[in-house]
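Student: Attaching a single structure in structure tokens format; questions to follow.
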Amino acid sequence: MRKIAAILTVIALISGCSTNQSEDVKSKEAIVEPVRADLIIHPSPVEVEQEVTIEAILTQFDEKVDDADKVVFEIMKTDENKSWVKEGNNEGEGIYSAKETFNEAGTYVVIAHVTARNMHVMPQREFEVVDLEAQKEEKAEEEHHHSSHLLIHFDVAEEVRVNEQTELKAHISYKNEALKNARVRFEVWKEGQEKHEFINSVETVNGEYTAQKAFPEKGIYNIKIHVNNDEGLHEHQVEMINVR
């Protein structure tokens, strides 16, 4: 009887361990981290008749997703009912991109249809397409400061690498003339983080303001350009860059 009782005890212990292990596996399988897709459009601002690159950067568990089944960019003008699509090319490091040229100024929306790892996500971003030549031909009829007269052109290297000194540059014009003697600061923060860094710029030539920044981590960063002057001008513009 003692032998039978011992055997039954061992069987019970093995069965219990097996059940616990099975429950642990199911618990881990239930934790599914969604695929994240960040949209970037560069260069900025987007100009009429100028080719731009639309990128979707895919990550999961803070790792790059290089095995997406399909990435398609749907593009539309907000005041029209029609849209068109561009296939996303796998560039590696979780980057899927497409080239596009816009023939008409206005407000547009791009939606990335991403199918990856049995998930489907659809991030979208609204952006402006501007006609700089047309803006140059317009005459400034209003004497007060208004944001429609201010144009900020953000310039940064196409490849921004982690821990390398990178030049942040803003070309700023007001009423079709270079804005001189302004106070320009770059507000920098990584997507998803609360810490913001403010960097003062230097006016290297009339209307051109630059600063240096080394990005400590890979990922998507927001760059908010603040513009102020003694005449009461106070405007800002937000850009995004991908640090690799």
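The values are calculated or read from the model by the stated rules, or taken from the named source; none is laboratory data. The model shown is predicted, which means the values in this text are computed figures rather than measured ones. Reconstructed Cβ throughout: ideal geometry from the backbone, glycine too, with neighbour counts over all protein chains shown. The protein model used for the area step is the full one, side chains on, heavy atoms only, and it has no ligands, DNA or RNA in it. Shrake-Rupley method; radii C 1.70, N 1.55, O 1.52, S 1.80 Å.
Student: Given the condition acidic (Asp, Glu), touching a residue at least 40 places away in the same chain (Cβ under 8 Å) and closer than 27 Å to ARG125 by Cα, answer yes or no: does some residue in the stretch 161-184 qualify?
Tutor: Yes: the stretch 161-184 contains one or more residues that are acidic (Asp, Glu), touching a residue at least 40 places away in the same chain (Cβ under 8 Å) and closer than 27 Å to ARG125 by Cα.
Student: Among the residues of the stretch 59-91, write down those that are of a type in the set (Ser, Thr, Tyr) and assigned to a strand (DSSP E or B).
Tutor: Passing the criteria: THR59, SER83.
Student: Restricted to the stretch 165-209, and to residues that are open to solvent by less than 40 Å² (accessible area, probe 1.4 Å) and in a loop (DSSP other than H, G, I, E, B), which residue is farthest from ILE41 (Cα to Cα)?
Tutor: Ranking the qualifying residues of the stretch 165-209, first place goes to ALA182.
Student: What is the one condition in (1) surrounded by fewer than 16 Cβ atoms within 10 Å (Cβ to Cβ); (2) modelled with pLDDT of 95 or more that VAL72 does not satisfy?
Tutor: Result: VAL72 passes all but (1).
Student: TRP189 is checked against (1) over 15 Å from the mean Cα position of the chain (by Cα); (2) at pLDDT 95 or above and fails just one. What number does that condition carry?
Tutor: (1)
Student: Would you confirm whether any residue within the stretch 39-53 is surrounded by 15 or more Cβ atoms within 10 Å (Cβ to Cβ), under 30 Å from ALA170 (Cβ atoms) and either more than 19 Å from the chain's Cα centre (by Cα) or of a type in the set (Gly, Ala, Ser) (or both)?
Tutor: yes
Student: For residues in the stretch 118-139 being open to solvent by 100 Å² or more (accessible area, probe 1.4 Å) and not in a helix (DSSP H, G or I), which is modelled with the lowest pLDDT?
Tutor: Out of the qualifying residues, it is LYS139.
Student: Still on this structure, I have one more. Please work out if GLY192 is under 29 Å from GLU93 (Cβ atoms) and free of Cβ contacts under 8 Å to residues at least 40 places away in the same chain.
Tutor: So GLY192 fits the description; yes.
Student: Pull up the stretch 92-116, narrow it to residues that are open to solvent by 10 Å² or more (accessible area, probe 1.4 Å) and outside any strand (DSSP E or B), then point me to the one that is nearest to ASP38 (Cα to Cα).
Tutor: The extreme case among them is GLU93.
Student: Which condition from (1) touching a Phe, Trp or Tyr at 6+ places or on another chain (Cβ under 8 Å); (2) open to solvent by less than 80 Å² (accessible area, probe 1.4 Å); (3) assigned to a strand (DSSP E or B); (4) not basic (Lys, Arg) is the one that VAL162 breaks?
Tutor: Looking at each condition in turn, VAL162 falls short on (3).
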